[in-house]
Amino acid sequence: MSEPNAGDPGALAARLAALPDEQLLAVLVVATAGREELASLYEVATRLLSETGRADPAVIAPPAPAGIPTGGEVGSVSQPGGIGTLAGSGTATAGYTGAGMPTFDSVRDKVQRRIGTAFGHRELDRNSAAGRGVEEQWEAREQAARERLEQIRTSLHEGDRR
C-alpha cells in the first residue's frame with residue numbers, strides 16, 4: 001500500500017476510516033499528544049483507548065505535557081471567569097476546566113480575537129494596493145454619481161427658467 005499524498009486529505013481519511021477502532025484511537029493519541037489546541041481530543045482518545053482494555057495508552061504515546069488537561073478529575077474554577085485547575089494538582093490550566101473542556105472565557109477570547117483579525121484584515125486591505133484600488137473605484141463611482149445628479153438638477157432648473 002502506498003503512502004497517501006500529503007495534499008490529499010481524502011486518501012488519508014479513507015485509510016484512517018479503514019482502521020479498527022482501537023488502532024484509530026491509538027493514532028489519535030499519538031497525533032494529538034503535546035498539541036495544546038487538541039488537548040480535549042487527546043484526553044477523550046486516551047480515555048476511550050484505556051477503556052478498551054486492549055492497549056495501554058501510556059505505551060502508545062508519551063504522556064501529555066504539563067499544562068494540558070488529562071482529565072479524569074473534575075476541575076474547580078478558582079475565580080468567576082477564571083482558569084480551571086485540576087483537583088488536587090494545584091496547577092492552573094489556562095483556558096480549560098479539569099475535565100479538559102474549554103472555559104467560557106477562553107472561547108469568548110478566541111472569538112473576539114478572530115473578529116478582531118477579520119476587522120483588521122479590512123483595514124489592511126485598505127492599506128494594500130488592491131484595497132486602495134477598490135476604495136478608489138468606489139470613490140470614483142460616488143463622484144460620478146454626484147456629478148450626474150448635479151447635471152440632472154441643472155437641466156431641471158434650466159427647464160424652469162424658460
Query raised in the report: Tell me, which helices (runs of 4 or more DSSP H) lie completely within the range 1-82 with 3 or more residues that are under 17 Å from G98 (Cα atoms) and modelled with pLDDT of 80 or more?
Result: 39-52
Query raised in the report: If you check every pair at least six apart or on different chains, which have Cβ atoms under 8 Å apart with a residue in the range 96-119 that is not assigned by TED's automatic domain parsing to the domain that holds A39 first and a residue that is modelled with pLDDT of 85 or more and among the small types (G, A, S) second?
Result: Y96/A39; Y96/S40; Y96/S106; G100/A39; G100/S40; M101/S40; P102/S40
Query raised in the report: If S89 passes every condition in (1) more than 17 Å from the chain's Cα centre (by Cα); (2) hydroxyl-bearing (S, T, Y); (3) at pLDDT 75 or above but one, which one does it miss?
Result: (3)
Report task. Test G100 against the stated conditions and say whether it is out of contact with any His (no Cβ under 6 Å at 6 or more places or on another chain), at pLDDT 50 or above and within 30 Å of Q23 (Cβ to Cβ). Result -> yes
Query raised in the report: Is at least one residue of the range 131-147 surrounded by 10 or more Cβ atoms within 10 Å (Cβ to Cβ) and modelled with pLDDT under 75?
Result: yes
Query - Pairs where the first residue, in the range 20-45, is crowded, with 18+ Cβ neighbours inside 10 Å and the second is assigned to a helix (DSSP H, G or I) and of a type in the set (S, T, N, Q), C-beta under 8 Å, 6+ apart - result: L25/T52; V29/T46; A39/T32; Y42/T32; A45/T32
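The values are calculated or read from the model by the stated rules, or taken from the named source; none is laboratory data. If you're wondering where the values come from, they're calculated on a predicted model, not measured in any experiment. Every residue, glycine as well, gets a Cβ built from its backbone with ideal geometry; the counts of neighbours run over all protein chains shown.
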